[in-house]
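Derivation of every value follows stated rules applied to the coordinates shown; laboratory data play no part. Bear in mind the structure is a predicted one, so any value in this text is a computation, not a measurement. Heads up, the Cβs are rebuilt from the backbone with ideal geometry, glycines too, and the neighbour counts pull from every protein chain shown.
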Amino acid sequence: MSWIDKLVGRSPIGPMQEHMRVAVACASQVAPLIEAMAKADNEGISIARREIDRLEHSADELKHEIRSNMPRRLMLAMERRDMLDILDCQDSIADTAQDIAELVDQRSMHLPSTLKDPFRALAGRVVAACDQGQRVIDELDELVETGFGDREVARIEAMISELGRIETETDQLSDTAARALFALESELGVATVYWHQLIIWIADLADYSERVGNRLRILIAS
């Protein structure tokens, strides 16, 4: 290996993009998980959990590979620490999706009728936020290739702003879901706590996606 190869190493951008794709695939499985909960389908819940576990394991392997192979000095417009911060945000998406699936499966959580629509609406916008986060990360290579050119920066900033708008919608939908949940508090009893945690974690998926975009926005501005 030449000295320049040792200095630069393999570009982490492609692996970072692949990691984000796997993390978003984890989050996308929350939608079929919710559908299984709505149908009181324990087998469907188990299937969704197994798929999320598989994807989360793949994300972990990619994360460890990226961390191990990322050179200490990058000949990029981005610092190693910045790339690792973005990677951590991406990984939180996969980890949180796994937390959601584990809780639902372990407690065999079936959606009460009045919670079905609020949970479906929340999950739908959360997945949209994660998809938008992936679109942002997919622009990383173009951003570097253009040397942080004005046109590409403006394009990414618009995409990040759209991501923020979607995340705000998920905040509103999580509030709607929480209000519907608390209307059932006397019926659900102590289980209300677990249902509320579930709402928080589902909304967190969109929040972590927004953090990916915001971290990139800081890099662009610096």
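Placing a pseudo-label 7 Å from each Cα along the Cα-to-Cβ vector at E145 and N214 gives an inter-label distance of 3.0 nm. Among I220, I100, the ranking by other beta carbons within 10 Å of each residue's beta carbon, starting with the fewest, stands as I220, I100. Going from the residue with the fewest nearby Cβ atoms within 10 Å to the one with the most, D53, D204, D138 rank D138, D53, D204. Computed from Cα atoms, the angle from the helix 191-221 axis to the main principal axis of the chain rounds to 20 degrees. Angle of helix 150-182 to the longest C-alpha principal axis of the chain, folded into 0 to 90 degrees and rounded to 10: 20°.
Ranked by the mean number of other Cβ atoms within 10 Å per residue, highest first, peptides 155-162, 92-99, 34-41 order as 92-99, 34-41, 155-162. In a fully extended conformation the segment linking E18 and E79 would gain 20.0 nm over its present Cα-Cα distance, using 0.36 nm per residue. Estimated purely from DSSP H runs of n ≥ 4, each contributing -39500 (n - 2.57), the mean residue ellipticity at 222 nm for the chain is -28500 deg cm²/dmol once divided by its residues. Taking a sphere under 9 Å around the Cβ of R155 and counting the other residues whose Cβ falls inside, with K and R at +1 and D and E at -1, yields a net charge of -3.
The angle between the Cα long axis of helix 13-28 and the longest principal axis of the Cα atoms of the chain comes to about 10 degrees, rounded to the nearest 10. Each of H19, H110 was scored by other Cβ atoms within 10 Å of its Cβ. Arranged with the fewest first, they read H110, H19. Local charge for A129 was computed over the other residues whose Cβ lies under 12 Å away, with Lys and Arg +1 and Asp and Glu -1, and equals -4.
Here the 3J(HN,Hα) profile of the stretch 96-111, calculated from phi with Karplus coefficients 6.51, -1.76 and 1.60 at θ = phi - 60°, is 5, 4, 5, 4, 4, 5, 4, 4, 4, 5, 5, 9, 6, 7, 10, 6 Hz, Gly and Pro shown as x.
Over the stretch 3-221, the ratio between the Cα radius of gyration and 2.2 N^0.38 Å evaluates to 1.11.
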